[in-house]
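For reference, the structure is listed below as structure tokens.
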Amino acid sequence: MSSFAPSHAIWNELLQRHVSAGGKVDYRGLLEHRDRLETYLDLLAKDAPDARWTREERLAYWINAYNAFTIQLILNNWPVKSIRDLDEPWDRKFIKLEGKAYSLNQIEHEIIRPEFREPRIHFALVCAALSCPPLANQAYTPANLERMLEERTRSFINDEKFNVTQEAVVRVSPLFDWYADDFGDPKTFLNRYLVIDIPPRKELHFLDYDWELND
């Protein structure tokens, strides 16, 4: 760990306290510890990644930042039943890092996706909805990044709430439609992690996305 990247210990503490093993978020509990979240976001704001950081430090930072600021957005508008009830939640530039304003979409589509070209981030970034991958109840760090990306990807792909791959009609998360280019061939990517492969002749169909809050 370089001396440049901020600690994610506070975020880890909040996640372990207020996020279940299955990814359900206790937003009311987080509201009571909002000062701790703000302290963590202030740390992120003071130290954005630069060329001195390792790839693992940068990616862990951006994943944690995306998820933590998403939580802040929900808390700032509490109570809310769905992130989609908010006005342009992904395009509003409410994130301030080293004096520069960002939106969630900018972090995902202008920084994380083009810079890292890592398809597994789609199972780490969480949009506060039931159909999005469950929020991990621990922070990403340079040391655990590879393990967590692999575990979160394998868990999501093999969870029948998100992907039904062993029935007559194969129905998978629309993430594999929306970000098909990131996965290369989505079926090949799925089969890399599935316990039982999707047969070659099976077509992929996509489930509806449930935008209800992940609480």
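A quick yes/no check of all residues on (1) among the basic types (Lys, Arg); (2) surrounded by fewer than 20 Cβ atoms within 10 Å (Cβ to Cβ); (3) within 19 Å of residue 56 (Cα to Cα); (4) touching a strand residue (DSSP E or B) at 6+ places or on another chain (Cβ under 8 Å):
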residue	(1), (2), (3), (4)
134	no, no, no, no
144	no, yes, yes, no
152	yes, no, yes, no
158	no, yes, no, no
164	no, yes, no, yes
177	no, yes, no, yes
180	no, yes, no, no
188	no, yes, no, no
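For region 49-60, which positions are open to solvent by 10 Å² or more (accessible area, probe 1.4 Å) and either part of a helix (DSSP H, G or I) or of a type outside the set (A, V, I, L, M, F, W, C) (or both)?
49, 50, 52, 54, 55, 56, 58
Tell me yes or no: at least one residue of region 61-72 is outside any helix (DSSP H, G or I), surrounded by fewer than 20 Cβ atoms within 10 Å (Cβ to Cβ) and not β-branched (Val, Ile, Thr).
Our first condition is that a residue be outside any helix (DSSP H, G or I); within region 61-72, this holds for none.
There is no residue in region 61-72 that is outside any helix (DSSP H, G or I), surrounded by fewer than 20 Cβ atoms within 10 Å (Cβ to Cβ) and not β-branched (Val, Ile, Thr).
Give all pairs with beta carbons closer than 7 Å in which a residue from region 5-25 that is basic (Lys, Arg) meets a residue that is open to solvent by less than 60 Å² (accessible area, probe 1.4 Å) and outside any helix (DSSP H, G or I); count only pairs at least 6 apart in sequence or on separate chains.
24/214
Say whether the condition of being in contact with a Pro (Cβ under 7 Å, 6 or more places away or on another chain), in a helix (DSSP H, G or I) and modelled with pLDDT of 95 or more is met by at least one residue in region 22-43.
yes
Test of understanding: among 101, 45, which residue is of a type in the set (Gly, Ala, Ser) and free of Cβ contacts under 8 Å to residues at least 24 places away in the same chain?
Just a single option satisfies the conditions, and that option is 101.
Output the residues belonging to region 104-123 that are within 22 Å of residue 45 (Cα to Cα) and open to solvent by 20 Å² or more (accessible area, probe 1.4 Å).
Within region 104-123, 105, 106, 109, 110, 111, 113, 114, 115 meet the criteria.
Which ones in region 82-111 are more than 19 Å from the chain's Cα centre (by Cα) and either part of a loop (DSSP other than H, G, I, E, B) or at pLDDT below 95 (or both)?
Passing the criteria: 87, 98, 99.
The values are calculated or read from the model by the stated rules, or taken from the named source; none is laboratory data. The structure presented is a predicted model; accordingly, all values stated were derived computationally and were not measured. Neighbour counts run over all protein chains shown; Cβ positions are idealised from the backbone, glycine included. Side chains included, ligands, DNA and RNA excluded: accessible areas come from the protein's heavy atoms. Shrake-Rupley method; radii C 1.70, N 1.55, O 1.52, S 1.80 Å.
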